[in-house]
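The values are calculated or read from the model by the stated rules, or taken from the named source; none is laboratory data. As the structure is a computational prediction, the values presented were derived from the model and not from experiment. Counting neighbours? That spans all protein chains shown, and the Cβs are built from the backbone with ideal geometry, glycine included. Each accessible area value is taken on the protein alone, full model and side chains, heavy atoms only, with ligands, DNA and RNA left out. Shrake-Rupley method; radii C 1.70, N 1.55, O 1.52, S 1.80 Å.
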Amino acid sequence: MFYKQLKKFPKNFLWGASTSAFQVEGGWDADGKGPSVQDALGARHDDITDFKVASDHYHRYQEDVRLFAEMGLKSYRFSVAWSRVIPDGQGGVNEKGIEFYNNLIDELLRYNIEPILTLYHFDLPQALEERGGWNNRETIDAFVEYSRLVFERFGDRVKYFLTINEQNVMVLHGNALGAQSTKKESYQQAHHMFLAQALSMKLCHELLDDAKIGPAPNIISVYPETCSPEDVIAADNWMAIRCWLYLDMAYHGEYNSLVWAYLCDRGLEPEFQEGDAEILKGAKPDFISINYYATMTVSASRNDGTDVTHREGDQQIMYGEEGVYRAAVNPHLGKTQYSWLIDPVGFRTTLRAVWDKYRLPIMISENGLGQGDELVDGQVDDQYRIDYLTMHIEQMQLALTDGVEIFAYCPWAAMDLVSTHQGYGKRYGFIYIDRDEFDLKELKRIPKKSYFWYKEFINSNS
Ligand code: BG6
C-alpha cells in the first residue's frame, strides 16, 4: 500500500539489540556455574569453535554496556543462564551468578538502558537434561522455581520478561540444538514447555505489578509457491504447525485445532494430565515478541516419499514433511553469504498477521544478518548489514503505519557472538570481537560501521 506519509516511531520506542547468555558470556564454569546442554553440545563440537569463552561478556560486561550506551541503545535484550543462578537446575542458588546479573542490570540502568530479560534461551541446565529434560514433568516445576527466583531477585528493576526463546525451533529442529528426541517426544516436551510458560507468566503477574511478560517464538510468513489451492493449503498447514501453534498456546491457552488434528492423525498428540487445560488457560501474555529472519515458500506435498529434503545452509532448515508441505524455491528473494533468504517485505507481512490475530503490542526480539565480517586496518565495513537492517526497519515503519502496534526492535546482535551451530566466523554484531574460532587473541571490542550507523539512526528517531 502506498502512503503519502509514514507514521513516526514513538519517542519512547525501545531501540535495542539482543544477545543470549551461552552465546556471549563465556565463563562457562566460572564462580559456581553449572553446565548447560549447550556446554555439553559444545564439548561434542569443540572442533568448530572454542565456545567456552564466547565473547567473554561475563568478565567484560562493563565495557560492553558502556559501548551499548555510547551507541545510544534504549534497551538491551539478554538471557539469564539458568545454570549460572541454579547450577543443578533445581535447588541451591548460586549467589555469585545472581550477583553477575544484578551488576549487569544495574549497569544498564545507570545508562538508562531498559533491560529485557529472556528466561530461557536454548540452555537447559545439563543436570535437568540428565533427568529427562523436558520429557520429565519435574522440569516444569524447576522452571517455575527458577522463574520465581528471577522475578524475586530482578523484578524490582526489570520490567520486560520473555519466557522461552524460539520454542518452535527447539521443537522442530531440536537436533540442531543438541536434543536427541523423537517427534512424539518433541511434542510432549512442547506441551510441558507450554505449561511451564503459562505458570511462569501467571507467577510474574502475581509477584510483580508493573512487569510485562510474553513469549518469543520465531515467527515468519509462509508463502505458497503458486496460486494453486493445494499450494495455498500447504502454506496454511505449515504456518499453523510451525508458527501459530506457539502463539495460540501462549495467548489462547488452547491447541490450534488444525494442529491438534494433525498431531492426533499421526499419533503425536501429547498426553494431558488432569489440570493441564486449566493451567494453559490460566495466563495471558502482555505482549508478543517475535524473532524474524526470513520467510519460507512451500508447495503441496507430493506424498510420494520425496517431500523430505535437506537444503544445506538454509536458515529455515527446509526439510518438508510428507502430506504437509514440500520446500520450494522463491525466485524473488536474495540470500546472505550463509544462504539465508532476505525478505524485508515478508517482515511487514508477518507483523501484520501477528497483529491481526492477537491485537497485542509486538516486540521484535531478533532480526539480523550473519556474515563473515573482516577487520581491515582496524575497521569493519559492514555496509551489507546496514542495508539489511535499513530495509527491515523501513518495512517495520510501513507496518506501523498499517496500524500494527510495535514497541521494541532488538536486532541480533548487540555484539559478535557464537552462532548456534556455525561457529564464531558467522558474525551478527554491531561490535566486532577480535577473536578467531580458536585463537582468542585479546577479544578486543571494535565498533563496526553499522554501530555508528545505528547510533545516528537511534539519535534521529528518538
Ligand atoms: C535465532 C536464535 O534462531 O537465530 C539465536 O534465537 C541464533 O540464538 C540466531 O544465534 C541466529 O542463528 P545462527 O544459527 O546463525 O546462530
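Suppose we filter segment 353-377 for residues that are open to solvent by 40 Å² or more (accessible area, probe 1.4 Å) and in contact (Cβ under 8 Å) with a residue 60 or more places away in the chain; how many remain?
Number satisfying all stated conditions: 2.
Go through (1) within 16 Å of the ligand (Cβ to nearest atom); (2) surrounded by fewer than 21 Cβ atoms within 10 Å (Cβ to Cβ) for K11 and report which single condition fails.
Status for K11: all satisfied but (1).
Per-residue answers, yes or no, for (1) under 30 Å from N103 (Cα atoms); (2) open to solvent by less than 10 Å² (accessible area, probe 1.4 Å); (3) out of contact with any Lys or Arg (no Cβ under 8 Å at 6 or more places or on another chain):
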site	(1), (2), (3)
R137	no, no, yes
R148	yes, no, yes
I164	yes, yes, yes
T182	no, no, yes
H191	no, yes, yes
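Could you list all residues from segment 210-236 that are away from the ligand (no atom under 16 Å from the Cβ) and either within 19 Å of P285 (Cα to Cα) or touching a strand residue (DSSP E or B) at 6+ places or on another chain (Cβ under 6 Å) (or both)?
If the condition is that a residue be away from the ligand (no atom under 16 Å from the Cβ) and either within 19 Å of P285 (Cα to Cα) or touching a strand residue (DSSP E or B) at 6+ places or on another chain (Cβ under 6 Å) (or both), then D210, A211, K212, I213, V222, Y223, E225, D231, V232, A234, A235 are the ones that fit.
Considering only segment 15-36, I want to know if a residue exists there that is more than 23 Å from R445 (Cβ to Cβ) and either within 16 Å of the ligand (Cβ to nearest atom) or open to solvent by less than 20 Å² (accessible area, probe 1.4 Å) (or both).
Yes, because at least one residue in segment 15-36 is more than 23 Å from R445 (Cβ to Cβ) and either within 16 Å of the ligand (Cβ to nearest atom) or open to solvent by less than 20 Å² (accessible area, probe 1.4 Å) (or both).
Among the residues of segment 89-120, how many are open to solvent by less than 10 Å² (accessible area, probe 1.4 Å) and assigned to a loop (DSSP other than H, G, I, E, B)?
Final tally of qualifying residues: 2.
What's the total number of residues in segment 268-324 that are surrounded by fewer than 16 Cβ atoms within 10 Å (Cβ to Cβ), within 16 Å of the ligand (Cβ to nearest atom) and either modelled with pLDDT of 95 or more or among the basic types (K, R) (or both)?
Counting residues in segment 268-324 that are surrounded by fewer than 16 Cβ atoms within 10 Å (Cβ to Cβ), within 16 Å of the ligand (Cβ to nearest atom) and either modelled with pLDDT of 95 or more or among the basic types (K, R) (or both) gives 1.
Looking at this structure, is D436 closer than 21 Å to Y338 by Cα, open to solvent by less than 20 Å² (accessible area, probe 1.4 Å) and of a type in the set (D, E)?
no
So T350 fits all but one of (1) part of a helix (DSSP H, G or I); (2) open to solvent by 10 Å² or more (accessible area, probe 1.4 Å); (3) of a type in the set (S, T, N, Q); (4) within 16 Å of the ligand (Cβ to nearest atom); what number is the exception?
The number of the failed condition is (2).
I'm trying to understand the selection: among the residues of segment 380-417, which are closer than 17 Å to N291 by Cβ, in contact with a Phe, Trp or Tyr (Cβ under 6 Å, 6 or more places away or on another chain) and among the β-branched types (V, I, T)?
V404
Take the residues of segment 402-456 that are among the small types (G, A, S) and modelled with pLDDT under 95: which is nearest to the ligand (Cβ to nearest atom)?
S419
Could you list, in sequence order, the residues of segment 423-435 that are within 27 Å of H173 (Cα to Cα) and in contact with a Phe, Trp or Tyr (Cβ under 7 Å, 6 or more places away or on another chain)?
Those that are within 27 Å of H173 (Cα to Cα) and in contact with a Phe, Trp or Tyr (Cβ under 7 Å, 6 or more places away or on another chain): K426, Y428.
Please state which one of R131, R84, R148 is more than 16 Å from the ligand (Cβ to nearest atom), basic (K, R), under 20 Å from Q23 (Cα atoms) and in contact with a helix residue (DSSP H, G or I) (Cβ under 9 Å, 6 or more places away or on another chain).
R84
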